[in-house]
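I have a structure here, written as structure tokens, and I will follow up with some questions on it.
The values are calculated or read from the model by the stated rules, or taken from the named source; none is laboratory data. Keep in mind it's a predicted model, so treat the numbers as computed, not measured. So basically every Cβ, Gly included, is an ideal-geometry build from the backbone, and we count neighbours across all protein chains shown.
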Amino acid sequence: MDRLNILMGIDMYLPSVDGVVNCMHHYIKCLNEEHNAAAMAPSAGKKYVDRQSYRIYRCKGVRVPFYGGHYGFPSGDRGFLRELEKTKWDIIHVHSPMGMCKFAAKYAKKHNIPVVATFHTNFRPIVKKIVGFKRLTEAVLKGMGKRLDKMDDVFVCSPGVAEQARSFGYTGHITYLPFGTNLPRPGNLTEMRDRVNHKYGFAANELVFIFVGRVVKLKRIDFILESLKLLKSKGVSFKFFVVGTGMDEKTTKRKANKLGLESDVIFTGFVEDFDDFKALYARADLLLFPSLYDNFGLVKVEAAAHNTPGVYIKGSNAAYCVEHGVNGFLSENDAESFAAAIGDAVSDRGKLLQAGKNASETLYITWADASAELAGRYAEIIAAKKAADTASEK
């Protein structure tokens, strides 16, 4: 494959961090092993200095409090445009269907290069919460769909996410591409589990569950706690790690106490030591992830790296590629069913261990492998664009 010049764009980037930012960051780092990949994003403020191993083109922007970062104005930033013009880009890839997407489409058209997008987020509940009215919500989403329709291709991670893109009004081609993780499969799982047992005083056979992510209502940690309360009432003993921070951390702790789970739930906050973080995954018998919001759920892949299967809601995007009883466990969308699925999963330790091994074999993929697949698709799109241009000239 020829060396490609790849420009990726997003409406909010480092130092802000979420799943979409992480995806773009890891794509660029891995692609730079064989290609030239760079980022374009709004300014992060005068105090922040980019120290990444790759180039980040920053355009002027203003800070928007409820947005959580800076919103950029790439088209009106002459210095930003001059810097972009110094490289002949082969393809542009955007990761958000807003301002940067609109700019990327115009820039790509001007330079006659393909432009693609990854559809990451179901904006419907987010927009609805902000604007409050269904009609206005749908109008905003249709605007996103129109911007996506200017793409040569849209990448999604599952059929459910493809349906979301279609519901926004996108009518073009869709390609399914996986997301990965930078966590390697460890070779010392027993040692990692012993590390956690020693730190928290757990017995070797004690049941341990884990949630990893932002502690916010959308992640449905309250739902997990209600399910665990039901499980505890049936005589099942366990410990549950909530790994992460978020705006609803205090209310979630109060919920755990109210349900009588204060001695069973351990809120770790953000785990700074990476070895400690990985050890928690390794020690957990089950990942509990009933999210209906997440379109992918990187935690599923991270847990699989450590032979840890998960419990998910049947039909959710987070449950994509999970086969009940084989490489994970599925539940109906109610606390009683979720508690029953957990109980079923842990009732047979041999079956549980095998599900973890199967998860590692079928759900685990690295960012390097995911990026290689992405680069292959880039090459196909670029070739198709050149072929179409040649045909139109005849």
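Yes/no matrix, rows are residues, columns are (1) assigned by TED's automatic domain parsing to the domain that holds P309; (2) more than 20 Å from M192 (Cβ to Cβ); (3) not aromatic (F, W, Y):
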{"site": "L261", "(1), (2), (3)": "yes, yes, yes"}
{"site": "I266", "(1), (2), (3)": "yes, no, yes"}
{"site": "V271", "(1), (2), (3)": "yes, no, yes"}
{"site": "F274", "(1), (2), (3)": "yes, no, no"}
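Now for a separate question. When you scan region 380-394, how many residues do you find that are of a type outside the set (D, E, K, R) and buried (at least 16 other Cβ atoms within 10 Å of the Cβ)? Give the derivation first.
Let us first name the residues in region 380-394 that are of a type outside the set (D, E, K, R), namely 381-384, 387-388, 390-392.
Okay, now just the ones that are also buried (at least 16 other Cβ atoms within 10 Å of the Cβ), so 381-382.
Of the residues in region 380-394, 2 are of a type outside the set (D, E, K, R) and buried (at least 16 other Cβ atoms within 10 Å of the Cβ).
Can you tell me which residue is modelled with the lowest pLDDT among those in region 61-79 that are surrounded by fewer than 20 Cβ atoms within 10 Å (Cβ to Cβ) and in contact with a helix residue (DSSP H, G or I) (Cβ under 7 Å, 6 or more places away or on another chain)?
Selected residue: Y71.
Pull up region 159-181, narrow it to residues that are touching a residue at least 60 places away in the same chain (Cβ under 8 Å) and not in a helix (DSSP H, G or I), then point me to the one that is farthest from the chain's Cα centre (by Cα).
So the residue we want is F168.
Could you check, for region 136-150, whether at least one of its residues is of a type in the set (S, T, N, Q) and without any contact (Cβ under 8 Å) to a residue 24 or more places away in the chain? Before the answer, list the steps.
To start, the set of residues in region 136-150 that are of a type in the set (S, T, N, Q) comprises 137.
Within this subset, residues satisfying the condition of being without any contact (Cβ under 8 Å) to a residue 24 or more places away in the chain are 137.
For region 136-150, residues of a type in the set (S, T, N, Q) and without any contact (Cβ under 8 Å) to a residue 24 or more places away in the chain: present.
Of all residues in region 17-47, which are surrounded by 13 or more Cβ atoms within 10 Å (Cβ to Cβ), out of contact with any strand residue (DSSP E or B) (no Cβ under 9 Å at 6 or more places or on another chain) and over 20 Å from T118 (Cα atoms)?
Once the filter is applied, which keeps residues that are surrounded by 13 or more Cβ atoms within 10 Å (Cβ to Cβ), out of contact with any strand residue (DSSP E or B) (no Cβ under 9 Å at 6 or more places or on another chain) and over 20 Å from T118 (Cα atoms), region 17-47 yields only E34.
Is it true that some residue in region 280-289 is surrounded by fewer than 20 Cβ atoms within 10 Å (Cβ to Cβ), among the charged types (D, E, K, R) and touching a Phe, Trp or Tyr at 6+ places or on another chain (Cβ under 8 Å)? Steps first, please.
Step one: filter region 280-289 for residues surrounded by fewer than 20 Cβ atoms within 10 Å (Cβ to Cβ), giving none.
Scanning region 280-289 turns up no residue that is surrounded by fewer than 20 Cβ atoms within 10 Å (Cβ to Cβ), among the charged types (D, E, K, R) and touching a Phe, Trp or Tyr at 6+ places or on another chain (Cβ under 8 Å).
Condition first: assigned to a helix (DSSP H, G or I), at pLDDT below 95 and closer than 26 Å to G169 by Cβ. Can you find one or more residues in region 103-121 that meet it? Talk me through it step by step, then tell me what you get.
We begin by selecting, within region 103-121, every residue assigned to a helix (DSSP H, G or I); these are 103-111.
Restricting the remaining residues to those that are at pLDDT below 95 gives none.
No: region 103-121 contains no residue that is assigned to a helix (DSSP H, G or I), at pLDDT below 95 and closer than 26 Å to G169 by Cβ.
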